Amino acid sequence: MSVEDSKVGLPETVEVAVVGGGPAGLMAAEVLSARGHSVHVFDAMPSVGRKFLLAGRGGMNITHAEALPAFVDRYGKRAQAVRSWLRCFGPDDVRRWADGLGISTFVGSSQRVFPSDMKAAPLLRAWLGRLRHPTDGGVPVQFHMRQRWQGWAEEGAPSMRFVGGDGAQSVVRAGAVVLALGGASWARLGSDGAWVDPLQADGWALSPLRPSNCGFEVAGSGLHGPGEGWSRIFADRFAGHAFKSVALSFTDGEGRHFERRGEFVATSVGIEGSLVYAVSSLLRDEIHRAGSATIHLDLLPDRSASYVQEQCAHPRGSRSLSSHLKSRLGLDGVKLGLLHELVDKASFQNPAQLARRIKALPVTLVRPRPLDEAISTAGGVELSALDDHLMAKHRPAVFCAGEMLDWEAPTGGYLLTACLASGRLAGEGVARYLAALVPEE
């Protein structure tokens with residue numbers, strides 16, 4: 001999905017500069033182009049939308065069809081702020097927008113909304129085509145690739161410094177700027193958090209970037225030797241295996257409770273996957289506060305505790321306990337492996353204790369995986385530093401959008417919807433700002 005580099009050097013002056021070619025930046029550019037403004041998009045990568053494309057590789061999930069109050073609640077501590085973004089561009093608007101690009105959508109069994117072909121590339125291709133060749137009277141958007149934003153020039157914002165892929169230094173002055181530089185996960189796709197230092201030096205209020213929708217490392221059980229992490233036997237045999245049809249529950253030190261059924265995957269050092277991502281913000285914060293977080297897994301959520309205990313206590317004759325659990329309860333593979341990993345021998349031989357572990361197996365987590373491995377990031381530009389249209393209060397003409405803002409959400413279409421909504425809100429804010437500069441006749 002390439003967008004050609006400019007054939008000449010960067011312009012010295014532009015009306016609007018959008019820095020970052022992800023969904024938030026492209027949406028801001030679309031709004032402004034449609035309103036007759038000349039927009040230039042600058043991005044450090046050779047092409048735009050790289051993280052967008054990779055995120056859609058397993059099936060492009062663009063939004064979610066649940067009722068709006070529940071949808072808004074998914075944004076946790078930032079729900080009130082994100083609600084105002086969604087008034088500008090909500091989940092139904094996302095579907096209409098995709099349809100306007102010629103991409104039909106459908107609602108899956110999980111209420112997630114997908115393009116009909118489940119692919120990200122056709123949607124991005126259609127979007128870029130409309131940005132570069134608008135048919136509604138808009139101004140074509142111009143793209144400048146391999147241009148890494150370095151911060152403000154000596155003249156101050158909104159004059160910016162860029163360094164090109166060939167090392168050439170440039171200064172571009174803009175009438176208004178939208179910063180949509182992403183978070184700090186998947187740095188190879190352009191979201192490397194390099195904007196933090198320039199903004200800190202400029203006095204911006206920033207919250208530390210933290211992993212969100214991430215995997216975690218486990219504490220050692222002590223049953224297989226000292227140290228953290230899975231035993232070598234478990235890691236070698238079960239890393240990459242999925243825990244299917246399990247329930248995860250967790251209550252943090254502040255009394256916030258999470259409980260949900262789903263799936264996740266064992267890694268060589270811990271756990272990851274959709275069910276883990278859904279509770280990742282609570283786990284991450286609890287580890288930061290207390291040093292660890294202990295979840296409880298119900299390995300057989302379709303079976304009652306009394307039934308599980310009855311089957312554990314059923315005479316097994318000459319069969320091994322593992323064969324007995326597989327025969328009576330269907331426990332085998334990674335689930336049975338996890339029991340052997342975390343349950344001591346005495347409890348394994350006690351039917352009542354074993355049944356309790358099967359229905360509520362404690363797993364202690366000691367740290368999230370590194371930031372660059374996370375699907376998304378929390379932290380960034382504090383929303384209190386921006387006005388209602390996402391303009392920096394101490395930097396008129398500079399707006400922010402997307403994942404570089406201090407908010408987070410689970411996977412399932414919530415991330416993309418809020419990125420698009422914030423981009424649209426910032427774009428409309430720029431249009432209002434520029435209109436206010438024009439003297440009345």
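The values are calculated or read from the model by the stated rules, or taken from the named source; none is laboratory data. In this text, all values refer to a predicted model and were calculated from it rather than measured experimentally. All Cβ positions, glycine included, derive from the backbone under ideal geometry; neighbour counts span all protein chains shown. The area values use the complete protein model at the heavy-atom level, side chains included, leaving out ligands, DNA and RNA. Shrake-Rupley method; radii C 1.70, N 1.55, O 1.52, S 1.80 Å.
Under the classification rounded if a/c is under 1.5, otherwise prolate if a/b is larger than b/c and oblate if not, where does region 373-441 fall, given a ≥ b ≥ c as square roots of the Cα gyration tensor eigenvalues? Prolate, because a/c is 1.5 or more and a/b exceeds b/c. Compared with the direct C-alpha span, the chain from Asp99 to Arg87 gains 2.4 nm at full extension, assuming 0.36 nm per residue. For the chain, the number of Lys pairs separated by eight or more positions or lying on different chains, with C-alpha atoms closer than 23 Å, is 11.
Could you sort the peptides 401-407, 253-259, 391-397, 60-66 by per-residue average Cβ neighbour count (10 Å cutoff), highest mean leading?
Per-residue Cβ counts within 10 Å, averaged per peptide and sorted highest first, yield 401-407, 60-66, 391-397, 253-259.
Here the chain is assigned +1 on the Cβ of each Lys and Arg and -1 on the Cβ of each Asp and Glu. Its dipole about the Cα centre then comes out at about 1660 debye.
When the chain is described by a simple charge dipole with +1 on each Lys and Arg Cβ and -1 on each Asp and Glu Cβ, the residue from Phe216, Pro11, Ile233 located farthest towards its positive end is Ile233.
Counting only DSSP beta bridges whose two residues both lie in region 1-129, roughly 55 percent are antiparallel. With the charge dipole of the chain set up from +1 on Lys and Arg Cβ and -1 on Asp and Glu Cβ about the Cα centre, the Cα lying farthest toward the positive end among the listed residues Leu32, Val276, Pro134 is that of Val276. The fraction of accessible area contributed by carbon and sulfur in the chain is 48 percent, rounded to a whole number (1.4 Å probe; ligands and nucleic acids excluded). For region 300-407, the Cβ-based charge dipole about the Cα centre amounts to some 940 debye (Lys, Arg positive; Asp, Glu negative; other atoms uncharged).
Maximal additional length on extending the His394-Met118 stretch stands at 95.1 nm, based on 0.36 nm per residue less the C-alpha distance. Taking a ≥ b ≥ c as the square roots of the eigenvalues of the Cα gyration tensor of region 10-69, is the shape rounded (a/c under 1.5), prolate (a/b larger than b/c) or oblate? It is oblate, given that a/c is not under 1.5 and a/b is not larger than b/c. Farthest towards the positive end of the charge dipole of region 286-390, among the residues Leu299, Ser322, His288, is the Cα of Ser322, using unit charges on the Cβ of Lys, Arg, Asp and Glu. Once the other residues with Cβ under 14 Å from the Cβ of Arg357 are scored (Lys, Arg +1; Asp, Glu -1), what is the net sum? Around Arg357, the surrounding residues sum to +2. For Phe143, nonlocal amide neighbours, meaning residues 5 or more places apart or on other chains whose placed amide H falls under 5 Å from its own, are Val41.
Full extension from Ala126 to Asp302: what is 0.36 nm times the residue separation minus their Cα-Cα distance, to one decimal in nm? Don't skip to the end; give the middle numbers.
Values: separation 176, 0.36 × 176 = 63.36 nm, distance 4.47 nm.
Gain on extension, Ala126 to Asp302, equals 58.9 nm.
Kirkwood hydrodynamic radius (Cα pairs, Å) of region 201-283? About 14.6 Å for region 201-283. Which of the three applies to region 62-145, rounded, prolate or oblate, going by the alpha-carbon gyration tensor with a ≥ b ≥ c and a/c under 1.5 meaning rounded? Oblate. Residues whose amide H comes within less than 5 Å of that of Leu331, counting only those at least five positions distant or on another chain, are Lys326 (H built at 1.01 Å from N in the peptide plane). Per the Kirkwood formula applied to alpha carbons, the chain shows a radius of gyration over Rh ratio, Rg over Rh, of 1.06. With the simple model of a label 7 Å out from the Cα in the direction of the Cβ, Glu310 to Ala436 spans 7.0 nm.
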